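Trainee: Take a look at the following structure, please.
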Amino acid sequence: MSVWSGVLDSCPGLLCCVINIRGKLLYATHGYKAVAARLFGHKCNEGRNYPPLITELDTAIHEALTAACLGDTNAIEISEGGKIWELTASPLKFGNGSEISGVVLKLSSEVSSQTAQNLPPVIQSNPEILNSVPFRAGIVDAHGVFMAVNKFLASCVRADLVGRNIIELVDPEVNSDLTNIIMKRSGCVECTMPDISAAENFYPFDLTPYLDDELNEIPGDAEVDGLRRVRIHATPVEWNGSQSIMLTFEDVTEFRRNHEQLRRLLTVDAHTGVLNRRGMEHVIRRKFSGTIEEAGHLSLIVMRIENFRVLNDARGFLPAGRIVRGFVRGMQRYLAERPGNVLGRWSDDEFMILSECSGAAAVVMADEIRGKSRDVLLSSGVSDLTGGGYSSTGEFIGAAYDAMAEAVKSGGSSTVLARNS
């Protein structure tokens, strides 16, 4: 409990709570309790079931939590007097477990909605008034050139923004989107800004050390070369008697990074670094439908390590784990020279390779991998989408499984190609 309190309540304005897999509320920040009481009429009692399932909104929240327990991130929008709140339910793992351990429920409101309610439509050319805006904000003209910035934005950038065009300061991929919101004088866009890369004070509290411990230290890829991801909101204002745009800047680096961490935890095997069962199911579904549409080749190799338990019993868990990781690295080196293959771990002793090749070529591949594997004994089954005529991914996977089981029954250490359906 002290960990949640120390982390979550140390971040000003963070509105979230943590719920375990059984639906019990573990912790809620002070801000979440206050807003939830106002929006939902909830009493956030730790150790009790949450939500209480009284209203239709409670039911919608419960459905989002259920989906999060199955691995999907969901969001619900709630309107309050013209202000839009978003309630996001995200799956969470903590500790050393391999399953989803709970859900993070987070409340947030659009900065643009806050701006529209909290700011007058006319902002005079007075730095003190602009500095009273409780966001990192700047005023640009109709072309996107900065005319003024407030102290919050100025403290977060390495260069003087006045006189520079916002279009020149963001990554080129969003130039058209940013130009569009400036022309409309409303909307938002997400991007990176190199001039904000050194802004240590851009967000008030760094959760990374805590989240890395909780999330098995899997790094996210939202921060590239030290750049921060920023969401820019545009709001129409009047400045010096002319129609202008106020841009507010919201740092979303940690949100994107944490989202990527959760996504990777759901799809990557923590011990070997390859796709886990959920990740492979996703890839197989996508490749299966795409191959049928394009009339291409697709084969699935299912490999079972026959001596997996023997390795665990004879050498111990840690040495056996090193052998399995060495086996995976060997497969990765082998597949690196052969594009069009996806490797994943289906269970403790079963691995899969989804290959853009014929069944015959996949059999050769499985035999070569078996021949190169010194410490593990493999039995493999192969299914060929083109030759098998499978109507679903379940049939496709099941055929490879049955072929692998046939290889085991026939004495093991062999590869069997599934018969046509």
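Rule-based calculations on the coordinates, nothing more; no lab input. Fair warning: this is a prediction, and the values are worked out from it, not measured in the lab. FYI the Cβ positions are ideal-geometry reconstructions off the backbone, even for glycines, and counts take in every protein chain you see.
Trainee: What distance in nm lies between label points placed 7 Å from Cα along the C-beta direction at Ala361 and Arg322?
Mentor: Result: 3.7 nm between the two label points.
Trainee: List, in the order given, every pair from Lys43/Lys106; Lys287/Lys372; Lys106/Lys184; Lys33/Lys106; Lys24/Lys106 whose Cα-Cα distance in the structure shown is over 22 Å.
Mentor: In this structure, Lys287/Lys372; Lys106/Lys184 exceed 22 Å between Cα atoms.
Trainee: Moving on. By counting other Cβ atoms within 10 Å of each Cβ, how are Tyr390, Tyr32 ranked from fewest to most?
Mentor: Tyr32, Tyr390
Trainee: Here is a further query. So if R0 is 25 Å, what FRET efficiency would Asn240 and Met183 give, r being the distance between their Cβ atoms, rounded to the nearest 0.05?
Mentor: With R0 = 25 Å, the Cβ-Cβ based efficiency is 0.80.
Trainee: Another question, then. With each label point set 7 Å from Cα along the Cα-Cβ vector, what nm distance links Ser391 and Lys409?
Mentor: Those two pseudo-labels are separated by 2.5 nm.
Trainee: While we're on this one: Post the alpha-carbon centroid distance, region 266-327 to region 328-396, in whole angstrom.
Mentor: Comparing the Cα centres of region 266-327 and region 328-396, I get a distance of 9 Å.
Trainee: Another one. With labels modelled as points extended 7 Å from the Cα through the Cβ direction, what inter-label distance (nm, one decimal) is found for Lys151 paired with Leu377?
Mentor: Roughly 7.5 nm, to one decimal.
Trainee: How big is the dipole moment of region 263-329 about its Cα centre under a simple scheme where the beta carbon of each Lys and Arg is +1, that of each Asp and Glu is -1, and everything else is neutral? Debye, nearest 20, please.
Mentor: So the dipole magnitude of region 263-329 works out to roughly 300 debye.
Trainee: Turning to a different aspect of this structure: Relative to the present Cα-Cα distance, how much length would full extension add between Glu77 and Arg333 at 0.36 nm per residue of separation?
Mentor: 87.5 nm
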